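Data block below; observations after.
The values are calculated or read from the model by the stated rules, or taken from the named source; none is laboratory data. If you're wondering where the values come from, they're calculated on a predicted model, not measured in any experiment. No Cβ is skipped: glycine too gets one built from the backbone with ideal geometry, and neighbour counts run over all protein chains shown.
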Amino acid sequence: MKSKMAGKIAVSVLAIAVLMPLTASAECKFVTTKAGNAAFTIKPTDKDSPEAKKFLETCINPYTKMYVADPEAAKAGKKLFGYWSCTQCHGGNAGGQTGPSIIDDTWQYAKHQTDKGLFETIADGSDAGMPAWHAQAANNPELLSTDDILKIIGWLRAGYKGTDQSKPWLKE
Ligand code: HEC
């Protein structure tokens with residue numbers, strides 16, 4: 001009798017453990033950089049990498065630490081930066097052209113010291129000349145995926161030339 005009861009308890013504990021991740025899955029909440037600071041949502045897709053899925057749950061970009069530690073791997077982000085013509089406004093190494101430098105200490109918005117903040121401006125654009133690039137935010141399936149943007153951010157962090165040694169994005 002006793003063991004049957006224990007078995008029942010074990011089964012319900014197991015059921016809770018299995019159901020928990022489904023019900024309690026976290027979501028990174030995005031706020032546009034444009035006037036009004038409205039919330040916007042980026043949904044995970046079937047094509048998303050584990051890194052993209054992790055970011056959409058935790059707001060932490062796994063590529064940043066990966067690329068800072070491995071400049072060779074970071075080249076994947078540089079390639080995308082060129083492919084999507086970010087270079088036209090920001091220069092080949094993101095040091096600035098008609099658009100601002102993205103690797104110095106001058107941030108257009110304070111939140112750019114976090115990968116979430118940088119992602120919000122790249123994904124949904126700004127009111128001062130930065131277009132929206134995320135396929136979902138711009139409502140254009142030809143544009144960038146979450147993964148593309150995260151790899152670009154990882155490369156930008158790996159190429160950081162500013163003087164802020166605290167590098168807040170590495171503490172995320
Ligand atoms: C048409 C020109 C143009 C293109 C193309 C462009 N940007 Fe921008 N970008 C800007 C401008 C202008 C700003 C400043 C916006 C502001 O201050 O609101 C900016 C700002 C940024 C910032 C914030 C910089 C900082 O120092 O805080 C990032 C990051 C960024 N762009 C990334 C990208 C990426 C990645 C791409 C390609 C997918 C891209 N940009 C393509 C014009 C451009």
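Annotations for the structure displayed:
- Candidate set: the range 102-133, residues that are surrounded by 17 or more Cβ atoms within 10 Å (Cβ to Cβ) and small (Gly, Ala, Ser); chosen: the one nearest to Leu150 (Cα to Cα): Ala123
- Candidates Lys34, Lys43, Lys29, Lys53 - the one that is modelled with pLDDT of 95 or more, charged (D, E, K, R) and surrounded by fewer than 10 Cβ atoms within 10 Å (Cβ to Cβ): Lys43
- All positions within the range 140-172 that are basic (Lys, Arg) and within 11 Å of the ligand (Cβ to nearest atom): Lys151, Arg157
- Residues of the range 136-145 classified as surrounded by 19 or more Cβ atoms within 10 Å (Cβ to Cβ) and closer than 14 Å to Phe40 by Cα, total: 2
- Subset of the range 140-166 (residues that are charged (D, E, K, R) and either in contact with a helix residue (DSSP H, G or I) (Cβ under 6 Å, 6 or more places away or on another chain) or modelled with pLDDT under 95 (or both)): Asp147, Asp148, Lys151, Arg157, Asp164
- Every condition in (1) farther than 23 Å from Pro44 by Cα; (2) out of contact with any Phe, Trp or Tyr (no Cβ under 7 Å at 6 or more places or on another chain) is met by Gln113 except one, and the failing one is (2).
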